[in-house]
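All remarks here apply to the structure that follows.
The values are calculated or read from the model by the stated rules, or taken from the named source; none is laboratory data. Just so it is clear, the structure is predicted and the values come from calculations on it, not from any experiment. Because the Cβ atoms are built from the backbone with ideal geometry, glycine has one as well, and the counts that use them run over all protein chains shown. Heads up: the accessible areas ignore ligands, DNA and RNA and are worked out on the full protein's heavy atoms, side chains in. Shrake-Rupley method; radii C 1.70, N 1.55, O 1.52, S 1.80 Å.
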Number of protein chains: 2
Amino acid sequence: MDSAALLDLLGNENRRRILRLLSRKPCYVTEISEYLGVSPKAVIDHLRKLEDAGLVESHVDDGRRKYFSIARNLRLEVNVSPYEFGTKSAYSASPNLDITSWRHVSLHVDRDRESDPDSIPEGNGDPDDAGRGDEETLFGEDQEGEEPPDLTALAADLERLERLENELSMAQRWVQGRLTETLDRIGAHFEGVDGRFYSDLLRGLTDGPATAEELARRLDAPPDVVEDALEGLSAHGVVELDGDRWVLVAGSASP
Amino acid sequence: MDSAALLDLLGNENRRRILRLLSRKPCYVTEISEYLGVSPKAVIDHLRKLEDAGLVESHVDDGRRKYFSIARNLRLEVNVSPYEFGTKSAYSASPNLDITSWRHVSLHVDRDRESDPDSIPEGNGDPDDAGRGDEETLFGEDQEGEEPPDLTALAADLERLERLENELSMAQRWVQGRLTETLDRIGAHFEGVDGRFYSDLLRGLTDGPATAEELARRLDAPPDVVEDALEGLSAHGVVELDGDRWVLVAGSASP
């Protein structure tokens, strides 16, 4: 869903309180209205907006009472830095996502390894295999013919996932700091306001090759200024032309 | 900074446009007003709110013109799921953060290894050492007596950090899905509405030991109901009393 629409929705304290309430249990309008101390009419208005956005859904129970609940998982990330105001929102990723294909992050959520630290890990000892490969059998589909996991195992999964979530969040904050630091250093190679412009230009190329026109549009800058800057970076050996598209020389080395 | 205050600020489209503009370059009021097509008075009001919150700062240049810019790095995360409405905001983490101490996440941002995939990694081949240990010399403090990194190396750092950021974001979304799945499964062990309550109870204990009273307060539930539920979970072997505080049995096994 659109990040701007999501921020508009979440910018209202009463809508946040409704979401918090519904994350505890499904509720009907009168219940929400009494809990928040807000008129049923206002609650209905908030619920309609949340429903339109797909954040909330409703069902009618046997007593013909309409219950509202949170419709699905959604995640929003906002980065604010001297170089970026970035928002990203997305539904949660599939359990079948191949988390072993990531190049820069490995997750260690192996149940057996943790509960028995002396167990010998399988595999050939290749460092790149560390902690990988077991996740999908643990948190993915149920194994056919096996018993569903018992409560103790589920509680252990829960605890591990919560810790993993905290570490990932800390990792994101660490990366944000390193990104700003790197952009500062790139800027220091150039003079004055230009530093930020060159940083933006390089950052624009981290997504892949682009023509000068595409970069000019993305950076909202005059095409001839962008062209000149790219020629300058090219003289430094940082970028090069591949046909009519510019690429990072550093980036082209890693497949 | 407070997540609710941050969401209130970001819930306004014009304030988001101001932040986006300032992340490109420092601006003065007339510039912002013309760019947004909003009166200077309204711009000043938005800037004051952003400044009060510490998101934006100003300085006066030689020509005595007042420029506004983004004050510092900040990150906001919002999780919406049938079990959670969670918001978290924080400043970026220190470069000296010990990212090797994490138990569940490893980051691979090793410059040498990537640019020369055939190089033999140092270390004793212990899988737990994979990809660790080099990060702080790469993105941490400058090495004394060494040349500052050149533009090509900085551009490569930039590209790796952007990819790392994307992978971490995907990892967070994957974890969000697994958390919901695990809470669903825990709920399935119990009947009806109670399932969610037991899930919340277990989740409340993932942060560490707690008394029944503390849990009752955190879950906004009657203490005797919480007490009964904990006794029930105790009979399943999932939780146990340690003095007057309840602990996860699964959790107590991993130090």
Karplus-derived 3J(HN,Hα), 6.51/-1.76/1.60, for each residue of region B:73-90, Hz, glycine and proline x:
6, 8, 9, 10, 10, 10, 10, 10, 8, x, 10, 7, 10, x, 10, 9, 9, 7
Shortest-first nm distances, A:Arg245 label point to equivalent points in other copies (7 Å, Cα→Cβ):
5.6
Apply the Karplus curve 6.51 cos²θ - 1.76 cosθ + 1.60, θ = phi - 60°, to the phi angles in region B:209-224 and return the couplings in whole Hz, x for Gly and Pro.
x, 8, 6, 4, 5, 4, 5, 4, 5, 5, 8, 6, 10, x, x, 6
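What average number of partner chain Cβ atoms lie no more than 10 Å from the Cβ of the residues making up B:15-25? Provide the component values of the computation, followed by the final result.
Values: counts 2, 8, 2, 1, 5, 5, 2, 3, 10, 10, 5.
Counting Cβ atoms of other protein chains within 10 Å of each residue's Cβ and averaging gives 5.
Keeping every protein chain present and rolling a 1.4 Å probe, give me the accessible area per residue for region A:3-70 in Å².
Working: 3470 Å² over 68 residues.
With all protein chains present, region A:3-70 gives 51 Å² per residue.
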Å³ per residue enclosed by the Cα convex hull of region B:155-205:
66
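Give me the accessible area buried between chains A and B, both sides summed, with a 1.4 Å probe, in Å² rounded to the nearest 100. Walk me through the numbers on the way to the answer.
On the way: alone 17800 and 17810 Å², together 24400 Å².
Rounded to the nearest hundred, the buried surface is 11200 Å².
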HN-Hα J in Hz across region B:39-54 - Karplus 6.51, -1.76, 1.60, θ = phi - 60°, x for Gly and Pro
4, x, 4, 5, 4, 4, 4, 4, 4, 4, 5, 5, 6, 4, 7, x
What is the gain in length, in nm to one decimal, between B:Lys88 and B:Asn166 on full extension, counting 0.36 nm per residue of separation less the C-alpha to C-alpha distance?
26.2 nm
Please give the FRET efficiency for B:Val60 paired with A:Glu240, using the beta carbon to beta carbon distance and R0 = 51 Å, rounded to the nearest 0.05.
0.75
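If you average the sequence gap of Cα pairs under 8 Å that are 6 or more apart and divide by the length of region B:3-70, what percent do you get for the contact order? The partial results should precede the final answer.
Working: 61 pairs, mean separation 23.1, N = 68.
Contact order relative to length: 34 percent.
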Might you work out the accessible area of A:Arg196 for me, using a 1.4 Å probe with all protein chains in place, and round it to the nearest 10 Å²?
50
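For region A:154-255, what does the accessible surface come to per residue with a 1.4 Å probe? Please give it in Å².
41
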For a quick protection proxy, order the peptides B:60-70, A:37-47, A:82-92 by their average other-Cβ count within 10 Å, most packed first.
A:82-92, A:37-47, B:60-70
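In whole percent, how big is the carbon plus sulfur part of the accessible area of region A:189-248, probe 1.4 Å, protein atoms only?
Working: 1440 of 3100 Å².
About 46 percent, which is the carbon plus sulfur part of the accessible surface.
Measure up A:Lys25/B:Lys88; B:Lys25/B:Lys66; A:Lys88/B:Lys88 against 19 Å on the Cα-Cα distance and list the ones that go over. Spell out each step's value before the answer.
Working: A:Lys25/B:Lys88 21 Å; B:Lys25/B:Lys66 13 Å; A:Lys88/B:Lys88 15 Å.
The answer is A:Lys25/B:Lys88.
With viscosity set to 1.567 mPa s at 4 °C, what whole-number translational diffusion coefficient in µm²/s follows for region B:3-70 from Stokes-Einstein and a Kirkwood radius over Cα pairs?
Numbers: Rh = 12.0 Å.
Estimated diffusion coefficient is 108 µm²/s.
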For A:Val239, the residues 5 or more places away or on another chain with a placed amide H closer than 5 Å to its own amide H are A:Ser234, A:Val249
For region B:156-255, run through the GluC sites (Glu not before Pro) and keep only the ones in DSSP coil with at most 14 other Cβ atoms within 10 Å of their Cβ.
B:Glu191
In Å, descending, principal axis extents of the Cα set of region A:182-225
26, 20, 12
